[in-house]
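In what follows, a single structure is set out as structure tokens and then discussed.
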Amino acid sequence: MADFDTIIIGAGPGGYVAAIRAAQLGQKVACVEGRETLGGTCLNVGCIPSKAMLHATHMLHETHENFEKMGLMGAHPTVDWQKMQAYKDDVVNGNTTGIALLFKKNKVTWIKGWATIPAPGQVKVGEDTHSARNIVIATGSEASSIPNVTIDEETVVTSTGALTLKSVPKSMVVIGAGVIGLEMGSVYARLGTQVTVVEYLDAITPGMDAEVAKTFQRILTKQGLKFVLGAAVQSVTKTATGATVAYKLKKNDTEASLDADIVLVATGRKPYTAGLGLEALGVEMGPRGTIKTDAHWQTNIPGIYAIGDAIAGPMLAHKAEDEGMAVAEVISGKHGHVNYGVIPGVIYTTPEVANVGLTEEQLKAEGRAYKVGKFPFMGNARAKAVFQAEGFVKLIADAATDRILGCHIIGPAAGDLIHEVCVAMEFGASAQDLALTCHAHPTWSEAVREAALACGDGAIHA
Ligand code: NAD
């Protein structure tokens, strides 16, 4: 008899969720994690600490921008960097210890250490080899750099180093205008750092609805971020005071450079699978270092599964969580399912940016007929009352059937508002279904309803 029904390798959002669900479904489960704390990149050095920093610096920004407008007078707060870091660490600790408690509650064994898979059905951690009927690889991803750039996590940092800088830098160059670059760039811009974002493409946030991306860039520019677009970074060289970023403009091959105290490399992430022994096992790999899986997250080796950032698809904690629950159901003899067409994406800047489903650009490329309902937050009373009236909701529906195909929001609480549309899409709802649903007044969510109304006979407040 095997030591465990299932051993999960990695305790990030994919792995710990898979472990809890498999245990809830009656399996004897172990989860191997080499970090000192559970929660993976997301809880330890990703989503959670960055949200703490975004919250603290948003509050600071509010005091400077809007407090006096509301009659809140007095000295503006100054930044105690050590204290802000301690707040962030407390938030992380609260979350990681919470997962340890959930493991105890669900009787999931945490095997501390780094795992290898010497043979199907076996997981080796240190000197001990454990057997299991199923193995789930949930090892996540790591930052991927670009040629001629050496990361030292002090001057030239990834998102991990950017969360623990010794002090607030005077200047920062961010390489890559993706999610990490813009979230962390926002944090430091609000702290007074001169932030310049250098991006290879001609627009920020690749893949995002073009109108949202344009509005987003305009708003961030107003907040003090500078952008150099269409620029391929060639190298980063450390100097006595910081580093120099050399880049080439794609349009005319002009070379230029920028000096900064800190350089944040945010050029994407790659699956983290090194050291597991996958090659010796003959596990088939897909493009860009991903592990190839079938529709049930099983690799070509029976009994070995993989989920999350280590396989194909968007590298998002919630996509990994969904796969974690689904794979646990599959290996428990149930029917796990993930609807990859309804996975929201959120950027936690101010304003937030969120999307789900298809963009106009994708629909045009597919030659499909669609209609767009757009509503600006300027027409939303609640947004205006709290100085967050920038941005809009854009709902896209099928031209013939009115079925919702996608939604793109830039504005207050966009990351929460998007879920109304996610649920609607899961139920195959039409724009009219949303439009006919009573929305409380005054809420930001009325903007979603107005966008749905705009898909039909028209919005009321625009
Ligand atoms: P990303 O893929 O979102 O963006 C990387 C950017 O770097 C791209 O715009 C790319 O064009 C640019 N780039 C690449 N090489 C370059 C070069 N030589 N010069 C200039 N620009 C260059 O990657 P990221 O922001 O590093 O994030 C990594 C992953 O983590 C993503 O999958 C992201 O979805 C995920 N993540 C998500 C969240 C969230 O959901 N809020 C937060 C953080 C990270």
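Using a simple spin-label model with points 7 Å from Cα along the Cα→Cβ vector, what separation in nm is obtained for S144 and E366?
Rounded to a tenth, the inter-label distance reads 2.5 nm.
If I measure Cβ to Cβ between cysteines in the chain, which ones have no partner under 4.7 Å?
Taking the Cβ cut-off of 4.7 Å, the unpaired cysteines of the chain are C31, C407, C422, C438, C455.
Might you report the magnitude of the Cβ-based charge dipole of the range 269-408 about its Cα centre, with Lys and Arg at +1 and Asp and Glu at -1, to the nearest 20 debye?
That gives the range 269-408 a dipole magnitude of about 460 debye.
Cα-based Rg of the range 205-251 per 2.2 N^0.38 Å, rounded to two decimals?
Compactness ratio reported: 1.47.
Which entries of K51/K384; K170/K238; K51/K222; K226/K248; K214/K394 have Cα-Cα distances beyond 19 Å here?
Values: K51/K384 24 Å; K170/K238 16 Å; K51/K222 21 Å; K226/K248 17 Å; K214/K394 14 Å.
Checking Cα-Cα distances, K51/K384; K51/K222 exceed 19 Å.
Determine, for each peptide in 313-325, 401-413, the mean count of other beta carbons within 10 angstrom over its residues, then list the peptides with the highest first.
401-413, 313-325
Per residue, what volume in Å³ does the Cα convex hull of the chain take up?
Here the figure is 172 Å³ per residue.
When averaged across all projection directions, what area in nm² does the alpha-carbon convex hull of the range 1-72 cover?
7.1 nm²
Hey, got the Cα dimensions of the range 230-337 along the principal axes, in Å, largest first?
Ordered largest first, the range 230-337 gives principal extents of 58, 30, 30 Å.
Loop only by DSSP, 13 or fewer other Cβ within 10 Å of the Cβ. Give me the GluC sites (Glu not before Pro) in the range 359-437 that pass, ordered by residue number. Present the calculation step by step, with values, prior to reporting the outcome.
Numbers: sites: E360, E361, E366, E390, E420, E426; in loops: E366, E390.
The qualifying sites are E366.
If you build the Cα gyration tensor of the range 342-454 and take the root of 5 times each eigenvalue, what three semi-axes come out, in whole angstrom, biggest first?
Over the Cα atoms of the range 342-454, the ellipsoid semi-axes are 22, 15, 12 Å.
By how many nm would the segment from D457 to A246 lengthen if fully extended, with 0.36 nm per residue of separation less the alpha-carbon distance?
Once the chain is fully extended between D457 and A246, it gains 70.7 nm.
Can you list the GluC sites (Glu not before Pro) in the range 55-135 that are in a DSSP coil and have 10 or fewer other beta carbons within 10 angstrom? Walk me through the numbers before you get to the answer.
On the way: sites: E62, E65, E68, E127; in loops: E127.
Those that pass, being in a loop and sparsely packed, are E127.
Taking the C-alpha atoms of the range 102-186, how large are the radius of gyration and the largest Cα-Cα span, Dmax, in Å?
According to the Cα coordinates of the range 102-186, Rg and Dmax are 19.2, 54 Å.
Would you work out the charge dipole size for the chain about its Cα centre, treating the Cβ of every Lys and Arg as +1 and the Cβ of every Asp and Glu as -1, and quote it to the nearest 20 debye?
220 debye
In straight Cα distance, which lysines are under 16 Å from K319, not counting same-chain residues fewer than 8 positions off?
Hits, sequence-local ones excluded: K270.
Can you compute the charge dipole magnitude of the range 342-454 about its Cα centre, using +1 on each Lys and Arg Cβ and -1 on each Asp and Glu Cβ, nothing else charged? Give it in debye, rounded to the nearest 20.
220 debye
Percent of alpha carbon pairs in the range 136-187 separated by more than 18 Å?
Percent of Cα pairs beyond 18 Å in the range 136-187: 35.
Extending each Cα 7 Å along its Cβ direction at V386 and L72, get the distance between those two points in nm, one decimal.
Result for the modelled spin labels: 1.2 nm.
Counting C-alpha atoms alone, how compact is the range 1-140: give Rg to one decimal and Dmax as a whole number, in angstrom.
Rg and Dmax of the range 1-140, Cα atoms, are 20.5, 70 Å.
What ratio of Cα Rg to 2.2 N^0.38 Å holds for the range 156-267?
Compared with the compact-globule rule of thumb, the range 156-267 sits at 1.00.
Taking the number of other C-beta atoms within 10 Å as the exposure measure, put K112, K69 in order starting with the fewest.
K69, K112
With unit charges on the beta carbon (Lys/Arg positive, Asp/Glu negative), name the residue among I301, T96, A447 whose Cα is farthest towards the positive pole of the charge dipole of the chain.
Going by the charge dipole, the pick is T96.
Can you pull out the chymotrypsin sites (Phe, Trp or Tyr not before Pro) in the range 265-370 whose DSSP state is coil and whose Cβ has at most 15 other Cβ atoms within 10 Å?
Passing both the DSSP loop test and the Cβ count: Y340.
In what sequence, highest mean first, do 11-23, 215-227 appear when ranked by Cβ atoms within 10 angstrom? Each step should come with its number before you reach the end.
Details: 11-23: 28.9, 215-227: 17.4.
Answer by packing, highest mean first, reads 11-23, 215-227.
Just so you know, all these numbers are worked out from the coordinates, no wet-lab data involved. Values in this document were obtained by computation on a predicted structure and should not be read as measured data. Cβ: placed from backbone, ideal geometry, glycine included. Neighbour counts: every protein chain shown.
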